[in-house]
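S.K.: Handing you this structure, nothing more for now.
The values are calculated or read from the model by the stated rules, or taken from the named source; none is laboratory data. Please read these numbers as outputs of a predicted model, since none were measured by experiment. When we count neighbours, we look across all protein chains shown, and the Cβ atoms used for this are built from the backbone with ideal geometry, even at glycine.
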Amino acid sequence: MEVSDEEGKLMVKEARNIIESVIKGLKPKMSYISNLKIANEKIGVFVTLDKIFEGKKELRGCIGFPLPQKPLRESLMEAAIASAMEDPRFYPVTKDELDKILVKVSLLTEPKLLKVNSPLDYPKRIVIGRDGLMVKWTFGSGLLLPEVPIEFNWNAEEFLTHACIKAGASPDQWLLKDTEIYTFQTIIFEELEPRGEVIRRKYV
């Protein structure tokens, strides 16, 4: 997947425009990426919102679609709205918060099943900062983006443990042979300050 810096900046601008429209009670519409070829491609996408509070960033919402099942123009619209209004961990973002919110858009490669001879080999196959994780087990699934273990200073085993917890499983679920572990990579564009400069973020 190739995405130019200009395309990435437009995606973040689009996501913010959608979020601000919804919060202000307006009907959101595509204003920036409609004419891009990538807008019609099926790509997994997450929209993450961080809030600046006392000089630090705090997560304020993160919703997305890990699988490339919809054209980007649709999935970006839905993820942007949901990150601001429907993340079950937070109350909906308010109009007063918009000047403190940072918008991040992550495009995901299609998750690939990690095949190993033994579950103990999983940590050796994961590169922190490059790989995101998706855990699938009998009763559900869960996903963590590549930047999460960097933010919390986790090693590969801790990353696997927390991905299992996110999936609603026990922390050691990844050691059981009927559990499936997938990895994926992301292309990330994010605001440095609210409504400010957008950069491509690299962690490795």
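S.K.: Among the candidates N35, N17, N40, single out the residue that is in contact with a strand residue (DSSP E or B) (Cβ under 6 Å, 6 or more places away or on another chain), free of Cβ contacts under 8 Å to residues at least 60 places away in the same chain and of a type outside the set (K, R).
M.R.: The conditions single out N40.
S.K.: Hey, any hits in segment 1-18 for a residue that's modelled with pLDDT under 95 and in contact with a Ser or Thr (Cβ under 9 Å, 6 or more places away or on another chain)?
M.R.: Checked segment 1-18: at least one residue is modelled with pLDDT under 95 and in contact with a Ser or Thr (Cβ under 9 Å, 6 or more places away or on another chain).
S.K.: So K57 fits all but one of (1) surrounded by fewer than 17 Cβ atoms within 10 Å (Cβ to Cβ); (2) part of a strand (DSSP E or B); (3) modelled with pLDDT of 95 or more; (4) not aliphatic (A, V, I, L, M); what number is the exception?
M.R.: (3)
S.K.: Yes or no: segment 75-86 includes at least one residue that is hydrophobic (A, V, I, L, M, F, W, C), modelled with pLDDT under 95 and over 15 Å from the mean Cα position of the chain (by Cα).
M.R.: No.
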